[in-house]
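Engineer: The structure that follows is given in the form of structure tokens.
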Amino acid sequence: MILLRSNLETQIMTKTTTNVSTNSETMPSRADIEVSEKTVRRRFTADYKQRILTEADACTEPGQIGALLRREGLYSSHLSKWRKQREEAILQGLSKSRGRKPEERNPMADECARLQQKIQQLETRLAQAQTIIEVQKKLSQLLGLSEISQNNGAI
């Protein structure tokens, strides 16, 4: 049985080597075959998507959408994704506000305006404090309090 198996194996081996040798003459070598390393992703234009969605929406019989997808080489996920994109585009178009676009606010300008307001408040408080001090000086002079404080300092 071992002899039969080994004879069978040798016959198979010789057949495969002869087949390989004859195939190598007709087949191009590996260096001749060009295969791109990465497949190129398909891109669909908006017009194409719209045309396919219109055709798919017009399908009323069972199996028509499947035939459309097979004919175009598409998947059902393409249709669902494109329908979602179409709905979003419609909603986006309806919600667009008219008129001028709002200007982007500069954070440095906001900070500068806040600091200018703070400076104005502090200047107002300073003016009030100076007025109060002047009134106090005049009142103390009228009452003669400044002479008493000078006498107390001399003692």
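Engineer: Which pairs turn up if I take residues in the range 42-70 that are in the same structural domain as Lys81 (by TED's automatic domain parsing) and part of a helix (DSSP H, G or I) and look for partners that are of a type in the set (Asp, Glu) and surrounded by 12 or more Cβ atoms within 10 Å (Cβ to Cβ) with beta carbon separation below 7 Å, at least 6 apart in sequence or on another chain?
Structural biologist: Here the result reads Ile52/Glu72; Leu68/Glu55, each pair linking the range 42-70 to a residue that is of a type in the set (Asp, Glu) and surrounded by 12 or more Cβ atoms within 10 Å (Cβ to Cβ).
Engineer: Could you check, for the range 9-23, whether at least one of its residues is of a type in the set (A, V, I, L, M, F, W, C), over 30 Å from Glu87 (Cβ atoms), at pLDDT below 85 and loosely packed, with under 10 Cβ neighbours inside 10 Å?
Structural biologist: Kept after step one, since they are of a type in the set (A, V, I, L, M, F, W, C), are these residues of the range 9-23: 12-13, 20.
Add one more test, that the residue is over 30 Å from Glu87 (Cβ atoms), and what stays is 12-13, 20.
Narrowing the set further to residues that are at pLDDT below 85 leaves 12-13, 20.
From the residues that got through so far, the ones that are loosely packed, with under 10 Cβ neighbours inside 10 Å too are none.
Within the range 9-23, none of the residues are of a type in the set (A, V, I, L, M, F, W, C), over 30 Å from Glu87 (Cβ atoms), at pLDDT below 85 and loosely packed, with under 10 Cβ neighbours inside 10 Å.
Engineer: Going by what's in this entry, would Glu103 be described as part of a helix (DSSP H, G or I) and either out of contact with any strand residue (DSSP E or B) (no Cβ under 9 Å at 6 or more places or on another chain) or exposed (fewer than 10 other Cβ atoms within 10 Å of the Cβ) (or both)?
Structural biologist: Values: part of a helix (DSSP H, G or I): no; either out of contact with any strand residue (DSSP E or B) (no Cβ under 9 Å at 6 or more places or on another chain) or exposed (fewer than 10 other Cβ atoms within 10 Å of the Cβ) (or both): yes.
So Glu103 fails the test.
Engineer: Which residues, taken from the range 43-75, are of a type in the set (Phe, Trp, Tyr) and under 19 Å from Ala89 (Cβ atoms)?
Structural biologist: Filtering the range 43-75 for residues of a type in the set (Phe, Trp, Tyr) gives 44, 48, 75.
Passing the criteria: Phe44, Tyr48.
Engineer: Among all residue pairs at least 6 apart or on different chains, which show Cβ distances below 7 Å where the first residue, located in the range 83-105, is closer than 29 Å to Thr45 by Cβ and the second is among the hydrophobic types (A, V, I, L, M, F, W, C) and at pLDDT 75 or above?
Structural biologist: Cβ pairs passing all conditions: Arg83/Leu53; Arg86/Leu53.
Engineer: Hey, another quick one. Looking only at residues that are of a type in the set (S, T, N, Q) and in a helix (DSSP H, G or I) in the range 73-100, which one is farthest from Ile52 (Cα to Cα)?
Structural biologist: Filtering the range 73-100 for residues that are of a type in the set (S, T, N, Q) and in a helix (DSSP H, G or I), the one farthest from Ile52 (Cα to Cα) comes out as Gln92.
The values are calculated or read from the model by the stated rules, or taken from the named source; none is laboratory data. Remember, it's a predicted structure, so these values are computed and weren't measured experimentally. Backbone-built Cβ (ideal geometry, glycine too); neighbour counts: all protein chains shown.
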